Amino acid sequence: MDCQLRQGLKVSSYSTRVGSNYAFNPCCFLKKSIPITSSLFNDLLPELKGINTKNKQHDQDCHLFFFYLSINYCNFALYKINPYSLGMYRTNTCGELRLTDAGKEVTLAGWVQRSRKMGGMTFVDLRDRYGITQFVFNEADDKGLCDQANKLGRECCVQIKGIVAERQSKNPKMDTGDIEIMAKQLTVLSPSLTPPFTIEENTDGGDDLRMKYRYLDLRRESVRKNLELRHRMTILIRNFLDSKKFIEVETPILIGSTPEGARDFAVPSRMNPGQFYALPQSPQTLKQLLMVAGFDRYFQIAKCFRDEDLRADRQPEFTQIDCEMSFVDQDDVTELFEDMARHLFREIRGVELPKLQQMTWHEAMKRYGSDKPDLRFGMEFVELKDTFADKGDFSVFNKAAYIGGIRVTGCASYSRKQLDELTDFVKRPQVGAMGLVYIKYNADGTVKSSIDKFYAPEVLAHVKEKMDAKDGDLVLILSGDNANKTRTQLCSLRLEMGDRLGLRDKNVFKCLWVVDFPLFEWSDEEQRLMATHHPFTMPNPDDLSLLDSHPEQVRAKAYDFVCNGIEVGGGSIRIHDTQLQEKMFEVLGFTRERAEAQFGFLMNAFKYGAPPHAGLAFGLDRFVSILAGLDSIRDCIAFPKNNSGRDVMLDAPSFIDDKQLDELQIKLDLKS
């Protein structure tokens, strides 16, 4: 043992006299600031395990010493010291004991999952974050203890001490199913009311009830595993980006409002009456300023806020993996973050992603009717305008600007009822089609169609050839005046058929990059061009000449990472030239004064040597939900809002006191 350490343990200046012996005094040891090494810790371990913690002052000194150890040699401090010897609540978790632990005296703490009485014995399943362990209370050994166990209700928080024994009737469905613990002591740490729903995988609680008691819902294994996966992903992401020389920088939550994009959440400023902060929809301008500042590789796992209508994959507050890089082009960005995605899929799901294809926005819309195509199954669109043009008396097709169809393999046997269901589906307001045309190429070679009275058999045979259909296949067709709108409707039908036929397997992952987005899109609400992504996106250099004459034709240097029909991340090359940025604002309808008022800080920064830069942000919630196989991002957020944007657990949003309104100099005038 180290000479210094021997002194610390045996000599009175480092120890305290206990009877005729000297005991290790951690406070004296701390004052000498002896550095902790691996060999020194191993020598210390026997002394540490023997520390007497019954003396309160000595116990506090010990905890200070262990804190010192955890900082200087945390792996040893956390894993080699028996926590029970430190006066803690448990020696083990409810998920770690195995048959090799038989005969050990242990103490566990957790929640009562269930309790059942069988003859003179009571069996209690104790649950914590790590698993479930069965305890046995034997009336023949201790009737009082058994009576105490019989009074336990579900979700009581208890501490139980006992001896690990081999289980006679083993349970292969449990990690601890080979053992049970013969209870010797029971302490109720906290009683529980009867929970409003069962804390089981197949719970009887509805969504609203579980959201109201979310702290109970989080005790369920499936919900807990989602958060554990989320935690593991953030660790992997941070480590990956750190290995690529990224630096994590936190940006402000209270910023100025930027009206381009979704609605901002506004926050009144008491110290600046009549003025408001906004919660960031993303740290977009701030991370660009970090590039100007010379932080050439930035990332942040950032909270973002958007006041928009909610659906399954949206929340008013969400988390994104926000990244920005200087001195890079588009390929640099996509290659690096494709590697990160590949790393996550490998580590989380054991899936090896191939080299990802890149598909242009125009190709994605033409083939799938979506800028986030689901490639897990086929049913690519086939344009049929030329096939039907002037070939029959069906006025709907004759007037249509676009006619497109999908081939559904082996579904010519669909009944009239099933086809009517599909017609009703496309007529829903969420889809918006006027109707559905079908052609059934039956297995016996006959053809049945909703338009066969308008077209000769030769035309339908030509459609079969164009669609590459076989006998037994079903062709579904939509038409409309607006090509992209009709494609979007056909996309909804395609996804519906994919769901009905079980083609959207959550354990299959098809990822790609969608590139060359339009720089602008038309807003019916605003009656003007809007930035498809944001106003800081670099136009494709080949299209700069079109900015004045045909801005709607300009392509963006933008890219989206898509997986299984979900936009997981997106980014772009940024404008770093003040004049080009001013031109963008002009096309978007900004006056020079308005642009200066809202973005003058950024445009001014560009005058001080702004580097070429680009970025990308992944939606962490969406990414976790995909890897966890979830339908909604709510299931991987600890405390989500409901579809009305309310937190039913906290009852938020809520009204505030008149005193607070007076301090803010705000008077409410609510419209009925």
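Only lysines eight or more places from K557 in sequence, or on another chain, were considered; those with a Cα closer than 30 Å are K244, K245, K287, K303, K355, K366, K372, K485, K510, K583, K607. For the stretch 290-345, the equivalent ellipsoid derived from the alpha-carbon gyration tensor has semi-axes of 26, 17, 10 Å in decreasing order. Using the Cβ-Cβ distance between D524 and F639 with R0 set to 35 Å, the FRET efficiency from 1/(1 + (r/R0)^6) comes to roughly 0.50. Taking a ≥ b ≥ c as the square roots of the eigenvalues of the Cα gyration tensor, the stretch 595-672 is oblate, since a/c reaches 1.5 or more and a/b is not larger than b/c. Of S479, S395, the order by accessible heavy-atom surface (1.4 Å probe, DNA, RNA and ligands excluded), from most exposed downward, is S395, S479. Along its three principal directions, the equivalent ellipsoid of the stretch 449-510 from the Cα gyration tensor extends over semi-axes of 26, 17, 10 Å, largest first. Based on Cα contacts under 8 Å between residues 6+ apart, the stretch 524-579 shows a relative contact order of 31 percent. Extent along the principal axes, Cα only, for the stretch 196-254: 48, 29, 12 Å, with the longest axis given first.
Under 1.5 on a/c is rounded, so check that first for the stretch 212-341, then, if it is not, pick prolate when a/b is larger than b/c and oblate when it is not; a ≥ b ≥ c are the square roots of the alpha carbon gyration tensor eigenvalues. Judged from the Cα gyration tensor, the stretch 212-341 comes out oblate (a/c at least 1.5, b/c at or above a/b).
Computed from the Cβ-Cβ distance with R0 of 51 Å, the FRET efficiency linking T100 to R376 stands at 0.70. Comparing Q358, M340, P373 along the charge dipole axis of the stretch 330-386, the residue lying farthest to the positive side is P373, per the Cβ-charge model. Under the Kirkwood approximation for Rh and a Cα-based Rg, what ratio Rg/Rh is obtained for the stretch 124-206? Expressed as Rg/Rh, it is 0.98. The dipole here belongs to the chain: it is taken about the Cα centre, uses +1 on the Cβ of Lys and Arg and -1 on the Cβ of Asp and Glu, and is about 2420 debye. Mean separation of Cα pairs under 8 Å and 6 or more residues apart, divided by the residue count, gives the chain a relative contact order of 11 percent.
Take the convex hull of the alpha carbons in the stretch 405-491; its mean projected area over all directions comes to 5.7 nm². For C491, the solvent-accessible surface with a 1.4 Å probe is about 20 Å², rounded to the nearest 10.
Just the accessible area per residue of the stretch 373-441, please: how many Å² with a 1.4 Å probe? Here the per-residue accessible area is 49 Å². One equal scatterer on each Cα of the stretch 349-404, no solvent, Debye formula: the resulting log10 I(q)/I(0) at q = 0.31 Å⁻¹ is -1.19. Pair-distance distribution of the stretch 345-488: all C-alpha pairs, bin width 10 Å, starting at 0; shares per bin in whole percent are 10, 37, 34, 13, 5, 1. Each semi-axis of the equivalent ellipsoid for the stretch 179-289 is √(5λ) with λ an eigenvalue of the Cα gyration tensor; in descending order they amount to 42, 24, 15 Å.
The accessible surface of the stretch 476-588, taken with every protein chain in place and a 1.4 Å probe, is 44 percent carbon and sulfur. Among 177-183, 665-671, 613-619, 293-299, sorting by the average number of other beta carbon atoms lying within 10 angstrom of each residue, highest first, gives 613-619, 177-183, 293-299, 665-671. When the square roots of the Cα gyration tensor eigenvalues are ordered a ≥ b ≥ c, the ratio a/c for the stretch 300-404 is 1.5 or more and a/b exceeds b/c, which makes its shape prolate. Alpha-carbon geometry of the stretch 483-541: the Rg and the Dmax are 16.3, 44 Å, given in that order.
Solvent exposure of the stretch 485-633, expressed per residue, is 41 Å² of accessible area, with all protein chains present and a 1.4 angstrom probe. Evaluated at q = 0.10, 0.12 Å⁻¹, the base-10 log of the normalised Debye intensity for the chain, with identical point scatterers placed on the Cα atoms, takes the values -1.16, -1.34. Using just the C-alpha positions of the stretch 519-646 as equal point scatterers, what log10 of I(q)/I(0) does the Debye formula give at each q in 0.10 1/Å? Calculated log10 I(q)/I(0) at the listed q: -0.45. Within the full protein context, the accessible area of I199 is estimated at about 10 Å² for a probe radius of 1.4 Å.
The convex hull defined by the C-alpha atoms of the stretch 452-580 has an orientation-averaged projected area of 12.5 nm². With the highest mean first, a sort of the peptides 107-113, 227-233, 455-461 on other beta-carbon atoms found within 10 angstrom per residue produces 107-113, 227-233, 455-461. Label 7 Å along Cα→Cβ of I656; the stretch 266-299 residues with amide nitrogen under 16 Å? Answer for the stretch 266-299: 266-279.
The values are calculated or read from the model by the stated rules, or taken from the named source; none is laboratory data. What you see is a predicted model, and the numbers here were worked out from it, not measured in a lab. Cβ coordinates were reconstructed from backbone atoms using ideal geometry, including for glycine residues, and neighbour counts include every protein chain displayed. The protein model used for the area step is the full one, side chains on, heavy atoms only, and it has no ligands, DNA or RNA in it. Shrake-Rupley method; radii C 1.70, N 1.55, O 1.52, S 1.80 Å.
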